[in-house]
Amino acid sequence: MEKCNGENKREGKLKKKVAVAGGAGFIGSHLAKSLKDDGGYYVVVGDWKENDFMHWTDFCHQFFLLDLRDMANCIKLTEGCSEVYMLAADMGGMGFIKSNQSVLMFNNTLISTNMLESARRHLHTVNRYFYASSACVYNEHKQMETTNPGLKESDAWPAKPQDTYGLEKLYSEEMGLAYMRDFGLQFRCARFHNVYGPKGSWKGGREKAPPAFCRKAICSETEFEMWGDGEQTRSFIYIDDCVTGIRKIMDCPDLDVPVNLGSSEMITMNGFAKLALDLCGKSNLPIKHIEGPVGVRGRNSDNTLIKEKLNWEPKVRLAEGMKETMRWIKCEIERELESGKVQDLSRYCSSRVVAQTTDSLDQLLVKTNEDKASL
Ligand code: GKE
């Protein structure tokens, strides 16, 4: 199904056409909006779902509701583009990636390989290709201590990612690098370290710790539920920094190896819960530790390479970014209360672990046949 705005189509002739795969997702939609607002780009987005918080005309000029597990759809999306940003993935936080390993591996392998090969077929127009990788590629043995000094890019090898989600990302990085060597595709790649901010998933099970902690801090009255002992550490990158970083990496003439895109401001999850509670004026609420998917013990971003190559690193402090995220999630919850969509906030005091189903696998041929009918 193609949705496009005629006026914007005319405008497209004067601009650089770029594709954002997964552009209706959290990071993709913010990136697409930044390119659109820039004024010099005609932004085409392809995704298998619409954005939950924005209308497509807010962030792109043309929107294709397409299943990117089918290569014909990827070829259509990338046609005539000079840049391709590949952010499409079936993904989520620890409540999702740990319990959905087979389905994520199947879906993401198809999307990543199809998108890359589609860009190769359009090499006469595609100058650069960006691939969104993840800190999940890193060897889990390098993440056993809470005092992680920062993961260097070389720490991904020898390979031993904790989950299949990270293994697929690492394989797709390598495939992009091989396409660059063999076919001359200009490949750029960033390893995202837990991106957060307004207009991202904050409920349902796919949400990562930052929105989950905001939601729980807003809704909890007696205790704050936490998976694990809370001593595990992470760093989080604010969405504006992430978008700035992607654009700088894409524009850099000689950054042709995967690079960390993350903050080096590391925090324990207990400290992070305290930050969220402080922002809600609930500093004294006790933390209740429960069983749950905890992931690696300690993770932080070493920013030596990005600083050397771009003379830049993410700037937004965690307290500042969380304030914005908290404000937005508060509004979402108030809207749900006013509309009667939710009456009892106690359901938001816990996080869900999403059980794996084969629904998306069973949908594959159905959806792609529907897409073909509309091509
Ligand atoms: N999501 C979530 N929700 N995490 C919680 C919760 C909760 O209610 N309570 C405690 N945690 C803990 C998790 O157990 C984990 O130890 C930590 O917060 C961070 O969880 P996360 O944000 O879901 O995900 P991770 O940083 O462990 O891993 C994510 O890393 C990214 C890359 O850095 C992955 O889920 C990937 O989605 C992603 O690529």
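Every read-out reported here was derived from the displayed coordinates using simple, explicitly stated rules and does not represent laboratory data. These numbers were taken from a predicted model, which means no experiment stands behind them. Neighbour counts run over all protein chains shown; Cβ positions are idealised from the backbone, glycine included.
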- Task: Looking only at the stretch 339-351, decide whether some residue is assigned to a loop (DSSP other than H, G, I, E, B), in contact with a Leu (Cβ under 9 Å, 6 or more places away or on another chain) and under 24 Å from residue 222 (Cβ atoms).
- Result: yes
- Note on the stretch 345-362: residues free of Cβ contacts under 8 Å to residues at least 40 places away in the same chain and over 20 Å from residue 226 (Cα atoms) are 359, 362
- Message: Suppose the filter is away from the ligand (no atom under 15 Å from the Cβ) and either over 30 Å from residue 110 (Cα atoms) or hydroxyl-bearing (Ser, Thr, Tyr) (or both); does residue 291 pass it?
- Response: no
- Query: In the stretch 199-215, is there at least one residue being over 16 Å from residue 93 (Cα atoms), away from the ligand (no atom under 11 Å from the Cβ) and not polar (S, T, N, Q)?
  - Reply: no
- Message: Can you list the helices (runs of 4 or more DSSP H) lying wholly within the stretch 35-132 that have 2 or more residues being under 18 Å from the mean Cα position of the chain (by Cα)?
- Response: 94-97, 101-121
- Query: Of all strands (runs of 3 or more DSSP E) completely enclosed by the stretch 202-315, which ones contain at least 2 residues that are touching an Asp or Glu at 6+ places or on another chain (Cβ under 8 Å) and not aliphatic (A, V, I, L, M)?
  - Reply: 287-290
- Considering only the stretch 206-240, state which residues are buried (at least 18 other Cβ atoms within 10 Å of the Cβ), over 13 Å from the mean Cα position of the chain (by Cα) and more than 20 Å from residue 143 (Cβ to Cβ). 211, 212, 213, 214, 215, 216, 217, 218, 219, 220, 224
- Only residues in the stretch 288-300 that are among the charged types (D, E, K, R) count as the first member; pair them with residues that are near the ligand (Cβ under 6 Å from one of its atoms) and in a loop (DSSP other than H, G, I, E, B), Cβ under 6 angstrom, at least 6 apart or cross-chain, and list the lot. 297/232
- Quick check: is even one residue across the stretch 356-372 basic (Lys, Arg), within 24 Å of residue 206 (Cα to Cα) and more than 16 Å from the ligand (Cβ to nearest atom)? yes
